[in-house]
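Read-outs: derived from the displayed coordinates by stated rules, not from any lab. Computed from a predicted structure; not experimentally measured. Note that we place each Cβ from the backbone using ideal geometry, even for glycine, and neighbour counts take in every protein chain shown.
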Amino acid sequence: MKIFCVILCLFLLVPGMHGSDGGVEGLLEILLHNGTITREQYDQIARQTHKDSSPPADVKITTDGGLQASTYDGRFAFNLGGVFASDTVLYREDKNPLGSGTEIRSARVILGGVLYSDWEFDYSMEFSDAAVEIKDAFLNYRGFSHIDLQLGHFKPFFSLEQIGSRKHTTFMERGLPNALTHDRKIGIGATFRERFWTASAGFFGENYGMIAGNEGDEGWTTTGRFIVTPVQAAGRLWHFGASIAYQRFGDDKEWRIRSRPESHLTGTRYLHTGRMRNARDMLGYGIESAVILGPFSIQGEYLRTSLNMEGGNETPSFHGAYIFGSWLITGESRNYRTERGVFGRVRPDRSYGAFELAVRYSFLDLNSPPSVAGGREDNITIAFNWYLNRNIRLMTNVILVDNDEYATGNGKLHANDNPGIFQARFQIAF
Amino acid sequence: MKIFCVILCLFLLVPGMHGSDGGVEGLLEILLHNGTITREQYDQIARQTHKDSSPPADVKITTDGGLQASTYDGRFAFNLGGVFASDTVLYREDKNPLGSGTEIRSARVILGGVLYSDWEFDYSMEFSDAAVEIKDAFLNYRGFSHIDLQLGHFKPFFSLEQIGSRKHTTFMERGLPNALTHDRKIGIGATFRERFWTASAGFFGENYGMIAGNEGDEGWTTTGRFIVTPVQAAGRLWHFGASIAYQRFGDDKEWRIRSRPESHLTGTRYLHTGRMRNARDMLGYGIESAVILGPFSIQGEYLRTSLNMEGGNETPSFHGAYIFGSWLITGESRNYRTERGVFGRVRPDRSYGAFELAVRYSFLDLNSPPSVAGGREDNITIAFNWYLNRNIRLMTNVILVDNDEYATGNGKLHANDNPGIFQARFQIAF
Amino acid sequence: MKIFCVILCLFLLVPGMHGSDGGVEGLLEILLHNGTITREQYDQIARQTHKDSSPPADVKITTDGGLQASTYDGRFAFNLGGVFASDTVLYREDKNPLGSGTEIRSARVILGGVLYSDWEFDYSMEFSDAAVEIKDAFLNYRGFSHIDLQLGHFKPFFSLEQIGSRKHTTFMERGLPNALTHDRKIGIGATFRERFWTASAGFFGENYGMIAGNEGDEGWTTTGRFIVTPVQAAGRLWHFGASIAYQRFGDDKEWRIRSRPESHLTGTRYLHTGRMRNARDMLGYGIESAVILGPFSIQGEYLRTSLNMEGGNETPSFHGAYIFGSWLITGESRNYRTERGVFGRVRPDRSYGAFELAVRYSFLDLNSPPSVAGGREDNITIAFNWYLNRNIRLMTNVILVDNDEYATGNGKLHANDNPGIFQARFQIAF
């Protein structure tokens, strides 16, 4: 009877084995060694084990509303998440109509995973504009010790705020100078990481949406970013960085910069350079800094871009900057993600969530006399955010907009428009 | 040996513990208490348990073709489902061409979940028209005892058939008066539930697809629905309800109602009010009733909508109704979902599925003399449905259409058209 | 104590039961029969089993970067996968501009599953062109022993290369004659399988994207495919097949064939019949063959299509063919999937992956004198593929294009254009 009981027990080991990382598996060996079970019985159970077990106990599943699966050995993983954000916006119009109302600001589905330990992939799609926009779609090889390699469709390494995810920004929209950064493109990139600094560089084609109906050759872009983080600890950060980007235009040679007033619902873009033909290439750079001191943080960037025109000796140049301070009233700290050098999700400590108060000043100057009068805008934004939990947040922004005499949306708007904006967002993100 | 066997057994408890809701966990305590195992052994096993188990045994996974995951404590859940429906339609044309053929009627992906116990979210996208249409995208807070709060993009509380899911309708398309209801919008809502009645009210912005190229302010809508269900038991239901909706138009002040003949493949819409400019606001109401008696059920609604025009003293008014009877030949009952006051999925009892026979009469009258002649249509539909199992169904509809002399698709069609329609659907839904 | 230990063990059976396919369940019966446990104890455990187990232990989860879930009894399954492919293309232009650059070639999400054992479904969506294209969306009934039934939106049975998935093709694009095959349509189909042969036939409506703005009746298509595989073993295959397709055009009576030069980035289609009006019906056939000998394989097809015009006595006819040889340098064999008669995924044996070298000759002749001069193109392609693992591959193609004097893209291009193409792809697929 005793031996029967033991064998029975061993049968039961089968589904549990993988969970306990071989510890129980060793037991079988010991029992065989001690003579408690015979070789025949051992083999029988081993066969049984093999037949039954392979995948199920291997995979760990978690859910936080999204879904994560990973094998215990860490070789494979899968996750499924998403973002949904809806905005309500009220414009206090001044000289131009802006159009108060509601909109779905983001509706994103995110897939990711790990393959054979060293290959990570990210894939996300944005559905909010009735069409599909492919966002991240890249492979990250992390098999080397200090270097990551990226391949696919991803954001060129340029600008702290641009590289970070929209779902974690402190304000509802990125600052005005974001118009001088670069969208995701198909390319390759490498990131080299040491303890106190990180250097990234990449080479990219053109934006993927720009192919149709054009048989001219496309352009290309190369960017680099270097960051130093002398202080990184719980609730403490000093981050300094610089980015550079060189873009060679394709055969269409056409380019423009334009910007909404840090509010997405309206289609009105006060700042607009107009279409610039005969653009040959463009050189841009940016400097960035962020400091975290417990619940307080300061973050700022300055960006400048210069164009070279074909057959011309003029070099139009545009620039902008933002700086903001944030106070997490409930005492949390903003979450810096070292591996990519960007800010991540705020994680509330309390059951009722976290509160944040923030103020931003930003400007973008698209005037480059004598030839380009794209306008200049100076904005002040006051933000109050309630992070209900890790996944849900409510945001409110009050924006005071100050446009100059050239900010006419390329001649279509009244100049010197100084509207006010109140906007609120409900966001859920996994 | 005995004690060894016991310890071995206890080791095995580890993966099983979470499955048995603490029942087995109690055993460990008892064994310790009885002195069968020592405190040391207890601790060893407890540590082992802790190390191995945290996430995997916590999450319960099920699949019915879709996927559901939930933590055992019920705090988090995730599910992934979808709908696919393809139609084949044959028109017996009378005076106007309708265009027989096939189409993908629905291709939907559905994500949902629970966060921190009290927050439910629903997110679904429709892909059948080459573009993306975001359907449900809202958060439901159920942390209060009698009240649910909704926030996001969802259907305004108005009309029994409209609020219920298209994948569970008895007929292939909703009845003609559905043209008088309201699409999903961004808003907030509350539902108050008592044993025999439910009251819902919400405040909404404009449809999300209506933003582009328009800097006028958007409109808003507020709706309410009240239902009484004096009888609710297995296979028995008395449901009575009333809805009201007030819509204030935005700066575009433009509106129209139009309707296909309860068949989606054709683009022909006999009923069409034409574009009504200077519309200021709109008041609509509806009454609804449904009775289930075992395999038999009757359901009906009457809807009416009145417009107020700016600067005019005319008040165009439109109305419609449907009533249908359904007989589940194989004896099942239609499935009423109390929490939302709508009908759900038919669940066949037999291996070969369930059969349903149903007949509907419906009309929609868009004639409002003297100014609006949108036409009136009276339809009779005979439906035969085969529910192969919970997820798959085949539907057939024969529709006899009777249009009046004003049903000209706003002047583009021959009047008095009385075509016949045969349509069949294959649908799979999770 | 002994009996206690047994009972304890039996408790533990609960979570293991489903894993061992009833083998352990039988044990319970035996123990009862032997009198080792009482009926009371048996019942207690049985109840416990019932309460605890239903979903969690039932479902097996695996991940290879995608996600698979299936119940242990095999009655239900779910899987989620995807494809992402990005291309970089350099054209050595000859007479016409082609437009070098990058593009996202494929961004697909794939859902599939099993319902009630006998019903399989497949659902996939392509997102790479900003719009949504529904690909597979069908149900496969496999409840009969030799026959599968298909219902929904799927590829008509016609041509070996066309029916196989794009994610497993040896070359970056299918061969030129693929322009003579049929896209997915809504329909029904049956496949009859014997040991050495397989016969398929189906009846279909029109392509789902062709509905809008057209109230004429749609057309229909019927196709059949017959394949013989006298040799099928590990690393050995002889495959012969023939397909036939008859297409009846709808009321629009319009048709055209056109083809890119086996490179997708460019919009240039040298071969183009122009729009043929008054097309009544079309008859096509194809023959196909493939042989695998260890790491070597040869595959080829010949396709021909003839049109009947309404009121005309002319019968334009078009044809094309390809043949290619492939050598898997690292020794693997191409993977033939018997159940559908197509090629599947290459599975590398080594940690550094698998290498493949392949050469293809293909042509498509759309000249049908006297009335149609669509051009003829002859291409030679050299391919080198690196399969890094089961899911990731890098592909390179060099294509030498030879167009004849009629290959003018329906009059829009310079004739006799002989460009060269270099293209590379990065693909990840689950």
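Could you work out how much longer the chain between C:Val359 and C:Lys253 gets when fully extended? Use 0.36 nm per residue separation minus the Cα distance between them, nm to one decimal.
34.3 nm
If one computes the Cα centroid of the stretch C:126-151 and of the stretch B:152-200, what distance in Å separates the two points?
31
At most 11 other Cβ atoms within 10 Å and a DSSP loop assignment: could you name the chymotrypsin sites (Phe, Trp or Tyr not before Pro) in the stretch C:284-356 that fit?
Working: sites: C:Tyr285, C:Phe296, C:Tyr302, C:Phe318, C:Tyr322, C:Phe324, C:Trp327, C:Tyr336, C:Phe343, C:Tyr352, C:Phe355; in loops: C:Tyr352.
Loop-located and lightly packed - C:Tyr352.
Between B:Ala131 and B:Asp402, what is the label-to-label distance in nm when each label sits 7 Å out along the Cα-to-Cβ direction?
Calculated label separation equals 3.7 nm.
Enumerate by residue number the GluC sites (Glu not before Pro) in the stretch A:351-430 meeting two conditions: DSSP loop (anything except H, G, I, E, B), and at most 15 other Cβ atoms within 10 Å of the site's Cβ.
A:Glu405
Only Lys, Arg, Asp and Glu count, each charged at its Cβ (+1, +1, -1, -1), so figure out the dipole size of the stretch A:150-190 about its Cα centre, rounded to 20 debye.
Value, rounded to 20: 120 debye.
Long-range amide H contacts for B:Lys60: which residues qualify at under 5 Å (H placed 1.01 Å from N, peptide plane, sequence gap of 5 or more or a different chain)?
B:Ser70, B:Thr71, B:Tyr72
For A:Phe203 and A:Asp73, what is the calculated FRET efficiency with R₀ set at 22 Å and r taken between the beta-carbons, to the nearest 0.05?
0.05
Assuming R0 = 45 Å, can you tell me the calculated FRET efficiency for the pair C:Arg277 and B:Glu339, based on Cβ-Cβ distance, to the nearest 0.05?
Calculated transfer efficiency: 0.20.
Could you tell me which of A:Thr330, A:Thr268, A:Leu364 has its Cα farthest along the dipole of the stretch A:232-375 towards the positive end, charges placed at Cβ (Lys, Arg +1; Asp, Glu -1), taken about the Cα centre?
Positive-most Cα among the choices belongs to A:Thr330.
Would you kindly derive the ³J(HN,Hα) couplings of the stretch B:284-298 from the backbone phi angles with the Karplus curve 6.51 cos²θ - 1.76 cosθ + 1.60 (θ = phi - 60°), listing them in order in whole Hz, with x for Gly and Pro?
x, 9, x, 10, 8, 8, 8, 10, 10, 9, x, x, 9, 8, 10
For labels at A:Arg142 and A:Phe384 in the simple 7 Å Cα→Cβ model, what's the distance in nm?
Those two pseudo-labels are separated by 3.9 nm.
Which loop-located trypsin sites (Lys or Arg not before Pro) does the stretch A:175-206 contain, where loop means any DSSP state but H, G, I, E or B and the Cβ has at most 12 other Cβ atoms within 10 Å?
A:Arg195
Taking square-rooted eigenvalues a ≥ b ≥ c of the alpha carbon gyration tensor, is the stretch B:279-410 rounded, prolate or oblate, where a/c under 1.5 means rounded and, failing that, a/b exceeding b/c means prolate? Please report the intermediate quantities before stating the final value.
On the way: a/c = 3.34, a/b = 2.09, b/c = 1.60.
Prolate, because a/c is 1.5 or more and a/b exceeds b/c.
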